[in-house]
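Following: one structure in structure tokens, then a few remarks.
Please treat every number below as a calculation from the coordinates, not as lab data. A quick note: this is a predicted structure, and the numbers were derived from the prediction, not measured. With ideal geometry, Cβ positions are generated from the backbone for all residues, glycine too; neighbour counts draw on all protein chains shown.
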Amino acid sequence: GVHWKRKVPRVRLEFFKSCWQREKKRERDEGEEGDEDSVWSDPFKCFARQQDMFAWSDAVVSGGERERFCPSYFTFETNQGKRKFLATSIRRFWRLYSVTPSYARHYYELI
């Protein structure tokens, strides 16, 4: 599992989980999840190598199916000290970041 889960008191972890589930349910009830403009339809993928992230992103953008997708790139370190790379939209990244505990918010945008 994820390292930060061990440090988060169970009550707080359940709070973050319930917030995420409530928001997901609200969007599903409003019909947003399947909507082309939904945040959940934005591509989101983690990679161990930066080169793989850029190759995947180029393929998604040039595929024509995601003309509106403008990728943003982020990096973070795992609890083993390894760097990971994330390609997604700003709004999907914000969904992840906003429910992450403050002590685990160590993401950096690649420019």
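Side notes on the structure shown:
- Remark: spin-label model distance residue 49-residue 109 equals 2.8 nm, labels positioned 7 Å along the Cα→Cβ axis.
- Taking amide H as placed 1.01 Å from N in the peptide plane, the amide H of residue 110 sits under 5 Å from that of 73, 74, 75, each at least 5 places away or on another chain.
- Over 24 Å apart at the Cα level, from the set 25/84; 24/82; 24/45, are 25/84; 24/82.
- When the Cα gyration tensor is reduced to axis lengths a ≥ b ≥ c, the ratio a/c is 1.5 or higher for region 66-111, and with a/b not above b/c it is classed as oblate.
- Rounded FRET efficiency, nearest 0.05, which uses the C-beta distance separating residue 18 from residue 75 and R0 of 41 Å: 0.90
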